[in-house]
Amino acid sequence: MVYTVMQFIIMLLILFISGIFADRIFRLVAFCRKTSSIFTALIFSLFIFLIDIWGLFIFKDITHFPMLVDSFDCLQFTRRFIILSLLIGAVIGGISGLFGWILCRLRRDT
(Lines give C-alpha, C1' and ligand atoms only; values in the text may rest on other atoms or scores of the structure.)
Protein backbone atom coordinates (compact mmCIF):
# COMPACT_ATOMS: atom_id res chain seq x y z
CA MET A 1 0.00 0.00 0.00
CA VAL A 2 2.74 2.45 0.93
CA TYR A 3 4.69 1.54 -2.21
CA THR A 4 1.67 2.26 -4.42
CA VAL A 5 1.13 5.63 -2.74
CA MET A 6 4.79 6.51 -3.25
CA GLN A 7 4.54 5.61 -6.95
CA PHE A 8 1.46 7.81 -7.28
CA ILE A 9 3.24 10.72 -5.59
CA ILE A 10 6.27 10.28 -7.87
CA MET A 11 4.01 10.27 -10.95
CA LEU A 12 2.27 13.47 -9.81
CA LEU A 13 5.59 15.16 -9.12
CA ILE A 14 6.88 14.22 -12.56
CA LEU A 15 3.77 15.72 -14.16
CA PHE A 16 3.68 18.90 -12.07
CA ILE A 17 7.39 19.66 -12.24
CA SER A 18 7.48 19.25 -16.02
CA GLY A 19 4.46 21.57 -16.32
CA ILE A 20 6.08 24.20 -14.08
CA PHE A 21 9.29 23.88 -16.10
CA ALA A 22 7.35 24.42 -19.34
CA ASP A 23 5.60 27.43 -17.81
CA ARG A 24 8.92 29.00 -16.84
CA ILE A 25 10.32 28.44 -20.35
CA PHE A 26 7.14 29.98 -21.76
CA ARG A 27 7.52 33.06 -19.56
CA LEU A 28 11.21 33.44 -20.49
CA VAL A 29 10.70 33.12 -24.24
CA ALA A 30 7.57 35.30 -24.37
CA PHE A 31 9.21 38.05 -22.26
CA CYS A 32 6.07 37.97 -20.17
CA ARG A 33 6.29 40.06 -17.01
CA LYS A 34 3.38 38.30 -15.38
CA THR A 35 4.07 35.80 -12.65
CA SER A 36 3.70 32.11 -13.30
CA SER A 37 0.24 30.69 -13.00
CA ILE A 38 -0.66 27.28 -11.69
CA PHE A 39 -3.34 27.05 -14.39
CA THR A 40 -0.88 27.38 -17.26
CA ALA A 41 1.41 24.87 -15.55
CA LEU A 42 -1.48 22.40 -15.30
CA ILE A 43 -2.38 22.91 -18.96
CA PHE A 44 1.23 22.31 -19.95
CA SER A 45 1.26 19.22 -17.69
CA LEU A 46 -1.81 17.87 -19.47
CA PHE A 47 -0.25 18.31 -22.90
CA ILE A 48 3.04 16.78 -21.73
CA PHE A 49 1.20 13.80 -20.25
CA LEU A 50 -0.77 13.24 -23.46
CA ILE A 51 2.37 13.38 -25.58
CA ASP A 52 4.20 11.04 -23.19
CA ILE A 53 1.35 8.52 -23.17
CA TRP A 54 1.08 8.66 -26.96
CA GLY A 55 4.84 8.08 -27.29
CA LEU A 56 4.78 5.18 -24.85
CA PHE A 57 1.88 3.64 -26.74
CA ILE A 58 3.73 3.91 -30.04
CA PHE A 59 7.26 2.94 -28.96
CA LYS A 60 6.87 0.79 -25.82
CA ASP A 61 3.38 -0.67 -26.42
CA ILE A 62 2.13 0.51 -23.03
CA THR A 63 -1.64 0.55 -23.45
CA HIS A 64 -2.98 0.79 -19.88
CA PHE A 65 -2.11 2.83 -16.81
CA PRO A 66 -1.26 -0.28 -14.70
CA MET A 67 1.33 -1.19 -17.34
CA LEU A 68 2.82 2.29 -16.94
CA VAL A 69 2.94 1.92 -13.15
CA ASP A 70 4.65 -1.46 -13.53
CA SER A 71 7.21 0.12 -15.85
CA PHE A 72 8.16 2.64 -13.16
CA ASP A 73 9.66 -0.22 -11.13
CA CYS A 74 12.69 0.03 -13.42
CA LEU A 75 14.85 3.02 -12.43
CA GLN A 76 16.26 3.39 -15.93
CA PHE A 77 12.74 3.81 -17.34
CA THR A 78 11.85 6.36 -14.65
CA ARG A 79 14.97 8.40 -15.35
CA ARG A 80 14.32 8.38 -19.10
CA PHE A 81 10.66 9.29 -18.57
CA ILE A 82 11.61 12.28 -16.40
CA ILE A 83 14.20 13.55 -18.89
CA LEU A 84 11.78 13.04 -21.78
CA SER A 85 9.03 14.91 -19.93
CA LEU A 86 11.35 17.84 -19.23
CA LEU A 87 12.51 17.96 -22.86
CA ILE A 88 8.95 17.86 -24.14
CA GLY A 89 8.05 20.58 -21.63
CA ALA A 90 10.93 22.75 -22.84
CA VAL A 91 9.90 22.32 -26.49
CA ILE A 92 6.21 23.02 -25.82
CA GLY A 93 7.06 25.98 -23.58
CA GLY A 94 9.46 27.39 -26.16
CA ILE A 95 7.04 27.05 -29.07
CA SER A 96 4.10 28.51 -27.16
CA GLY A 97 6.37 31.26 -25.80
CA LEU A 98 7.37 32.17 -29.32
CA PHE A 99 3.71 32.38 -30.34
CA GLY A 100 2.98 34.45 -27.23
CA TRP A 101 5.81 36.83 -28.05
CA ILE A 102 4.55 37.26 -31.64
CA LEU A 103 0.98 37.88 -30.45
CA CYS A 104 2.20 40.39 -27.89
CA ARG A 105 4.17 42.29 -30.55
CA LEU A 106 1.19 42.30 -32.94
CA ARG A 107 -1.13 43.68 -30.28
CA ARG A 108 1.26 46.50 -29.42
CA ASP A 109 1.61 47.56 -33.05
CA THR A 110 -2.10 48.02 -33.63
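Key figures for this structure:
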item	result
Some residue of segment 27-35 being hydroxyl-bearing (Ser, Thr, Tyr) and either surrounded by 14 or more Cβ atoms within 10 Å (Cβ to Cβ) or in contact with a helix residue (DSSP H, G or I) (Cβ under 7 Å, 6 or more places away or on another chain) (or both)	no
Qualifying positions in segment 72-93 - closer than 25 Å to Asp23 by Cα and aliphatic (A, V, I, L, M)	Ile82, Ile83, Leu84, Leu86, Leu87, Ile88, Ala90, Val91, Ile92
Among (1) of a type in the set (S, T, N, Q); (2) modelled with pLDDT under 85; (3) surrounded by 12 or more Cβ atoms within 10 Å (Cβ to Cβ), the one test that Ser45 misses	(2)
Test set (1) of a type outside the set (A, V, I, L, M); (2) modelled with pLDDT of 80 or more; (3) at positive phi - Gly100 fails condition number	(3)
Some residue of segment 43-54 being part of a helix (DSSP H, G or I), among the acidic types (Asp, Glu) and closer than 22 Å to Cys104 by Cβ	no
Single condition Gly93 does not satisfy, out of (1) of a type outside the set (A, V, I, L, M); (2) exposed (fewer than 15 other Cβ atoms within 10 Å of the Cβ); (3) in a helix (DSSP H, G or I); (4) touching a residue at least 12 places away in the same chain (Cβ under 8 Å)	(2)
Verdict on Phe81 being in contact (Cβ under 8 Å) with a residue 40 or more places away in the chain, within 18 Å of Gly94 (Cα to Cα) and of a type in the set (Phe, Trp, Tyr)	no
Enumeration of residues in segment 55-81 that are surrounded by fewer than 14 Cβ atoms within 10 Å (Cβ to Cβ), among the β-branched types (Val, Ile, Thr) and assigned to a loop (DSSP other than H, G, I, E, B)	Thr63
Filtered residue count, segment 66-103, keeping only those that are within 15 Å of the chain's Cα centre (by Cα) and polar (S, T, N, Q)	3
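The values are calculated or read from the model by the stated rules, or taken from the named source; none is laboratory data. As the structure is a prediction and not an experimental result, all values here were calculated from the model. Neighbour counts run over all protein chains shown; Cβ positions are idealised from the backbone, glycine included.
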